[in-house]
Amino acid sequence: MSEAKRQTRTHLMGLFEKIGLHPRSDLGQNFLIDLNILEFVVQSAEISDRDVILEIGSGTGGMTAFMAKDAAAVITVEVDDNMAAMARESIAGFTNVTLINADALKNKNHFRPEVVDAIRAELAKDPSRRLKLIANLPYSIATPVVSNLVASGLPWERMVVTIQFELAQRMVAGPGRGTYGALSAWLQSQCHVKVIKRLGPQAFWPRPQVNSAIVRLVPAPGKSGVIADRKFFQDFLRRLFVQRRKMMRSVLTGMYRKQIDKAVVDAILAELEFGPKARAEELQPYELLKLANRLHAAIQASGGRQPPETAEDENELTGEEE
């Protein structure tokens, strides 16, 4: 773990002072300096020589080099030019690391094509290879990175990420809780999601103003396999949870008024035994999935057009009510 041990608070402060730079708060640059936690993250990933690792936020490259020792390949993405230059020094000599100096996201809906192409190229080298996302994610992009990987269709096997604790709470929240929303239902309908460790600000430099958490996500094929149309389901959740406290019947008839009649919505709700006062925030992810599948089938049967693709700047699966 020699490369990882370099990333201590003393080392980082000296390094930044030497080159005359400061961590950028606008990019969420909070470096993981607790070496026990760093090792815990990597161990939780269970990296082997079959793994293609995606890391978003290379930082100084300490964790990148640590993971590269055991992985088949590491694709690390860093938007900051200065950080990318430091990371290149840390990974010098590793032939299995690809560093992409760019924003990992094309927009909130999609990963940058260069990132996806690099992943597919590495996976194609051996049919036994598998994809894992292992990263200390910048808080500002954690939601789109995780939700987009789930939506991407890429054959990912595991995610172990450090994120803001509040976001972790939303990922694992259940019906009836204030933190339960579109993101909760989207992830839990397709994955097993677990908070495996809570982190205080002291684990990072500079110290953030909030607590963090390490979250592990593992696909649940038995769940995701019953989604009739993933794009429809994602759009359904996003729009439904904007008004999650309102009675679902009125929300749905408004959402799909151009595709199906109110009577069709009523028949579907009755078939699924949802009462007239049912609200989105009360339903389990599997119940929401059943509802989305039935609505999708009804729209297809009626020849009704699909809802327009959501604008790029509205793709956050926050589940916040207007």
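Here, each number is a calculation from the coordinates, and none is a lab measurement. On a predicted model such as this, the values are computed, not experimentally measured, just so you know. Cβ placement follows ideal geometry from the backbone for every residue including glycine, while neighbour counts extend to all protein chains displayed.
In this structure, the pairs whose alpha-carbon distance is over 24 Å, taken from 125/223; 231/290; 246/290; 132/194; 231/258; 223/262, are 125/223; 223/262.
For a quick protection proxy, order the peptides 281-288, 215-222 by their average other-Cβ count within 10 Å, most packed first.
Top of the packing list down: 281-288, 215-222.
If you take all other residues with their beta carbon under 12 Å from the beta carbon of residue 58, and give Lys and Arg +1 and Asp and Glu -1, the sum is -4. Calculated [222 nm] ellipticity per residue, helices only, for the chain: -12000 deg cm²/dmol; basis is -39500 (n - 2.57) per DSSP H run with n ≥ 4, divided by all residues, nearest 500. In the list [x] 0.94; [y] 1.02; [z] 0.98, the label attached to Rg/Rh (Cα atoms, Kirkwood Rh) as derived from the coordinates here is [y]. Taking the DSSP beta bridges with both ends in the chain, the antiparallel portion is around 50 percent. Each Cα pair under 8 Å and six or more residues apart adds its separation to the average, and for segment 62-171 the resulting relative contact order is 21 percent. For segment 73-214, rounded, prolate or oblate, judged on the Cα gyration tensor with a ≥ b ≥ c (square roots of eigenvalues), a/c < 1.5 rounded, else prolate if a/b > b/c? Since a/c reaches 1.5 but b/c is at least a/b, the shape of segment 73-214 is classed as oblate. Across 249, 50, 177, mean-square fluctuation computed from a Gaussian network of the chain (C-alpha pairs under 10 Å connected) peaks at 177. In a reduced charge model with +1 at each Lys and Arg Cβ and -1 at each Asp and Glu Cβ, the chain shows a dipole moment near 720 debye about its Cα centre.
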